[in-house]
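A short worksheet on the structure shown next.
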Amino acid sequence: MNMQRSLGSMIEEAKEAAVQVLLHNIKGPFQGLPRAAGWGYPEPYTRDLMISSLGILVTGNEQLIAALRRVLEMLAQHQTEHGLIPSLADNPNDLGASDTTPLFLIGLALYRQAMGEADFLEEAAQKALNWMVYQSPDDRIMVAQMPTSDWRDEHWVLGYGLYVNALVYTYLRLYGQHEQSDELCRLMNRFNVRLRNGKRCLHEGLAIAHQPYYALWAYKIYKDERFDLLGNSIAILSGIASPSRARRLVAWIEGSCDALRHDGQLAVDLPPCLFPYIQREDADWRERYERFGPPGDYHNGGIWPFICGFYVAALVAAGRQTLAERKLTALTKLVRPARESPVSYGFNEWLRAQDGTPQGQDWQTWSAAMYLYAAACVEQRETPFFASLREEHPPTANNP
């Protein structure tokens, strides 16, 4: 009982610290917009702040929600003529990201729900929805991307990426476009293994034969079946993965992480953002990874607290409440160490998988915000904003 009280106190302390991080970061040097990190990233990065909307909105903090509104208004003001949302909220010329527009649509929809403003920034929403329609190469809902254009600016994801399409599915559900979201779910869950010249061709869908998780990306005969924790977590949260697949996927993740720990490749009780890590001898290794992504670092298998927040939420969605509580405890310990700053909770950007040491920027906005969202999911035993999406989950032939 004392241990339970101690864990509860630790989580409450971490939640209070997370709110303080967000309040500290609420106003940066760029048009007074929130900053992405307490010291290292003063810029108002769109993806960071839109992902942070989940944690901000569950706090109910009026200051934080008002700051989120300012970001949404600035993004709408700086949206391109055709509907693309910039990568920096203050800079209409910083363009080219594949995930900023879907994240804007999600952040806007969540803000509308929380504040009861159904028509807030409606013109910007319609322009963004129209932009996304034209991101599908075969005009069939599933969108494609260029390498290094999503949150992984040092990692190649080519064509139909899991993470971005999971975002697309989420906003389609949020905006009531159920026919399109049903079709996207079907496309993502297909295998499409065909014969050509007597040889098996690889799938364009993202389902993997004999595995419960979804591939990192696929396009025509090319694909990458490494495991993407963020994309698969959103697939569980949003309902792309059926309840039975979600349970099998979680079991697979936990078993795979046990194996990584046994081999000395993982030092914490939370999953890496990507595995197996890309090794120097692998065909998909790139020279730049030597500096910006050795195995177990950064986008090549680093531990990202904001993504672990999504994973904790996905565990709640999958009905693994006890496991979610255990992982929230692990995340509470993970967000404590700082790399440089003399603070009680570092809420660092990312940690090295092999030893769990913080390697990024301290007081990262999305690390603090997604901790708050994860804690809310565990405490409420539900996933705010996502639960209704799963209730509308469409049946698919390849998604048992």
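In the chain, a dipole from Cβ-located charges (positive for Lys and Arg, negative for Asp and Glu) runs towards its positive end, and of Ser98, Trp366, Ile240 it is Ile240 whose Cα lies farthest in that direction. Principal axis extents of the Cα atoms in segment 4-114, from largest to smallest and rounded to whole angstrom, are 54, 30, 24. Label separation (Asp138 vs Glu154): 3.4 nm, computed from points 7 Å beyond Cα along the C-beta direction.
Exposure proxy for Lys15, Lys327, Lys27: other Cβ atoms within 10 Å of each Cβ, ordered fewest to most, give Lys27, Lys15, Lys327.
Would you list His178, His78 from fewest to most Cβ contacts within 10 Å?
Lowest to highest Cβ neighbour count: His178, His78.
Evaluating kT/(6 pi eta Rh) at 25 °C and 0.890 mPa s, with the Kirkwood radius of segment 66-116 over Cα pairs in the Stokes-Einstein relation, gives 222 µm² s⁻¹. Here the label points at Gln126 and Ala330, each 7 Å from Cα along the C-beta direction, are separated by 4.7 nm in the simple model. A Förster distance of 45 Å, applied to the separation of the beta-carbon atoms of Asp119 and Glu13, puts the FRET efficiency at 0.70.
About its Cα centre, the chain has a charge dipole of approximately 1000 debye under the convention of +1 per Lys or Arg Cβ and -1 per Asp or Glu Cβ, with nothing else charged.
Could you give the C-alpha radius of gyration of segment 228-331 expressed as a fraction of 2.2 N^0.38 Å, taking N as the number of residues it contains?
Numbers: Rg = 14.1 Å, N = 104, 2.2 N^0.38 = 12.8 Å.
Ratio of Rg to 2.2 N^0.38 Å for segment 228-331: 1.09.
Separation of segment 3-59 from segment 74-122 is 20 Å, based on Cα centroids. If R0 equals 25 Å, the separation of the Cβ atoms of Glu290 and Ala251 corresponds to a calculated FRET efficiency of about 0.15. Within a straight-line Cα-Cα reach of under 16 Å, Lys220 can be paired with the following lysines, leaving aside sequence neighbours fewer than 8 residues apart in one chain: Lys199. The calculated FRET efficiency for the pair Gln63 and Gln321, based on their C-beta separation and a Förster distance of 41 Å, comes to about 0.85. The gain in end-to-end length when the Ser244 to Lys27 segment is fully stretched comes to 73.8 nm, 0.36 nm per residue minus the alpha carbon separation. The residues Arg280, Arg35, when put in order of fewest to most other Cβ atoms within 10 Å, stand as Arg280, Arg35.
Based on the alpha-carbon gyration tensor of segment 282-327 and its eigenvalue square roots a ≥ b ≥ c, which shape applies: rounded if a/c is under 1.5, prolate if not and a/b is larger than b/c, or oblate? Prolate, because a/c is 1.5 or more and a/b exceeds b/c. State the percent of C-alpha pairs, over all pairs in the chain, separated by a distance greater than 31 angstrom. Pairs farther apart than 31 Å: 32 percent.
Values in this text are rule-based calculations from the coordinates and carry no lab data. Keep in mind the model is a prediction, meaning the values are calculated, not measured. Cβ: placed from backbone, ideal geometry, glycine included. Neighbour counts: every protein chain shown.
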